[in-house]
């Protein structure tokens, strides 16, 4: 694909790669026009996402204001995605049905397409912001190098494995593919992080909390010491005549250890090794790991529509109430709905007529109640569009 790594800068090099300033300067200044009467801070934008992202920076004063970005861009599959009779078709090279979007860029043209958008998304991210980029195994490792360059390898958080519900394991010389990647980066080390937990299963309970008290209460034990030495500190003193092992220190002050021992929260082994008891009934749940399995909609209305629980997890974990959540490949609007239901502000961008229709339909399906307000948003469109097109979007009719 004519890529190579510059090992001095650890950057991906390829033909026609622009500087960040060249990217910004090359985007035309096409303004966005509101075509409804809402005063909501939420924005649904029917436009080329490069144009819209630049407008968010230059005209809407949102540089450094977005706390969370989730994007599910094309995967360089060289396919066309269509909708027939209100349902998304499988990946197809034919043009049967209405075209939702095309995914025909390949090689360095695709990489630069993604990179251009990442450059602007970084400008929009707040210092406590995060970005999740959903991609597949064929092109994802190139995209990771680009994200290392833009966001800094020190801000790489996870390569999340997303198990697909309908893997297409065609006959080939190779193992079947059942996964996509979600690349998770932050803008800085001071990111929003609301620790996600999931309930323990009965199997987890038995496996992870194998010990029982006389009353049947299940627990496990953990070491009282941690890596690292402290010089003359309270966590390096003797506890019951025992010093921490070489190169380690107690997890807390010796006075706290003494209290835990009085409360029966320390278990002593036969050779006199103390460990802290951790009870099952005091745990909120187990930490979410980096392999996720969420079943996508069985009959999606829009191609590559993702499971709402997946987006709900990301929104809750990496944003707070009233944070701004942005998806510039908004598709069917699953990200926007998750943001709305969790009390976040949101911005959705897509240039596909079919995507805008699907998003409006999904947002209109949100029922307001005591905790969730009915979705409201400004609907924006590039000024170059005609009056007929604007009316078509608002009415949800076929766009010209």
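When residue 259 is tested against the conditions (1) touching a strand residue (DSSP E or B) at 6+ places or on another chain (Cβ under 8 Å); (2) at pLDDT 95 or above; (3) more than 27 Å from residue 199 (Cβ to Cβ), the lone failure is (1). For the subset of the stretch 187-216 comprising residues that are part of a loop (DSSP other than H, G, I, E, B) and touching a strand residue (DSSP E or B) at 6+ places or on another chain (Cβ under 6 Å), which member is farthest from residue 131 (Cα to Cα)? That would be 209.
Close Cβ contacts (under 9 Å, 6 or more residues apart or on different chains) running from residues in the stretch 257-280 that are assigned by TED's automatic domain parsing to the domain that holds residue 225 to residues that are part of a helix (DSSP H, G or I) and loosely packed, with under 14 Cβ neighbours inside 10 Å comprise 265/259. With respect to residue 248, determine if the residue is over 30 Å from residue 130 (Cβ atoms), outside the structural domain of residue 187 (by TED's automatic domain parsing) and crowded, with 17+ Cβ neighbours inside 10 Å. Considered against the rule, which asks whether it is over 30 Å from residue 130 (Cβ atoms), outside the structural domain of residue 187 (by TED's automatic domain parsing) and crowded, with 17+ Cβ neighbours inside 10 Å, residue 248 comes out as yes. If the condition is being without any contact (Cβ under 8 Å) to a residue 60 or more places away in the chain and closer than 19 Å to residue 122 by Cα, then the stretch 331-353 contributes no residue at all. Considering only residues in the stretch 226-242 that are in contact with a helix residue (DSSP H, G or I) (Cβ under 9 Å, 6 or more places away or on another chain) and part of a strand (DSSP E or B), the one that is modelled with the highest pLDDT turns out to be 239.
This table checks each residue for (1) modelled with pLDDT of 95 or more; (2) over 21 Å from residue 65 (Cβ atoms); (3) in contact with a strand residue (DSSP E or B) (Cβ under 7 Å, 6 or more places away or on another chain).
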position: 156; (1), (2), (3): yes, yes, yes
position: 165; (1), (2), (3): no, yes, no
position: 169; (1), (2), (3): no, yes, no
position: 174; (1), (2), (3): no, yes, no
position: 177; (1), (2), (3): no, yes, no
position: 182; (1), (2), (3): yes, yes, yes
position: 185; (1), (2), (3): yes, no, yes
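The values are calculated or read from the model by the stated rules, or taken from the named source; none is laboratory data. As the structure is a computational prediction, the values presented were derived from the model and not from experiment. Glycine gets a Cβ as well: all are built from the backbone with ideal geometry, and neighbour counts include every protein chain shown.
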